[in-house]
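Take a look at the structure set out below.
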Amino acid sequence: WWRDETEWAKSCLPGTRAVLDYFLSNLDGEGLPILPRGWNFHDWVPGWPGGMMPDGRECGILAWHLLYTLGLAIELESSLGEPEFAERYRRHQKKLFAVLDG
């Protein structure tokens, strides 16, 4: 959109899909994302060693990031990719929002 490099952006879609597939395949029983292993920095606050939430399992911050990122992926897939992916992400976004809103 900003640099008129649509072919380059299209070439990145498989990587975008792989990252989203990872997060969408790692949801808990409520439908919230489970934190991946590794350093999941969120904020330097007292009580969060290394900037990570203490329970290390699920996190509202990650859920809101995923919700936002699904919206961006919907835009990308709608304009550059395949509408079927956009619709799939829209369904996941709707379910995740219902969990967060509910």
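The values are calculated or read from the model by the stated rules, or taken from the named source; none is laboratory data. Keep in mind that this is a model prediction, so the values were computed, not measured. When we count neighbours, we look across all protein chains shown, and the Cβ atoms used for this are built from the backbone with ideal geometry, even at glycine. In case anyone asks, the SASA skips ligands and DNA or RNA and just uses the protein heavy atoms, side chains included. Shrake-Rupley method; radii C 1.70, N 1.55, O 1.52, S 1.80 Å.
With a probe of 1.4 Å, find how much accessible area the chain has per residue, and write the answer as a whole number in Å².
Working: 7040 Å² over 102 residues.
About 69 Å² of surface per residue is accessible.
Put a dot 7 Å past each Cα toward the Cβ at Ala98 and Leu72; how far apart are the dots in nm?
The two pseudo-label positions are separated by 2.6 nm.
Between Glu30 and Ile61, what length in nm is gained on full extension when 0.36 nm per residue of separation is reduced by their alpha carbon distance? Let's see the in-between values first.
Details: separation 31, 0.36 × 31 = 11.16 nm, distance 1.54 nm.
Between Glu30 and Ile61, full extension yields an extra 9.6 nm.
Using DSSP loop states and a limit of at most 14 other Cβ atoms within 10 Å to flag trypsin sites (Lys or Arg not before Pro), what is the longest stretch of the chain containing no flagged site?
Details: sites that count: Arg3, Arg37, Arg57.
Longest stretch, sites excluded: 58-102.
Stokes-Einstein diffusion coefficient for the chain at 25 °C in a medium of 0.890 mPa s, Rh from the Kirkwood formula over Cα pairs: what value in µm²/s?
Numbers: Rh = 14.9 Å.
Answer from the Stokes-Einstein relation: 165 µm²/s.
Please give the length that would be gained between Thr6 and Phe41 if that part of the chain were fully extended, namely 0.36 nm times their separation in residues minus their C-alpha to C-alpha distance (nm, one decimal). Walk me through the intermediate numbers first.
On the way: separation 35, 0.36 × 35 = 12.60 nm, distance 3.16 nm.
Value of the extension gain: 9.4 nm.
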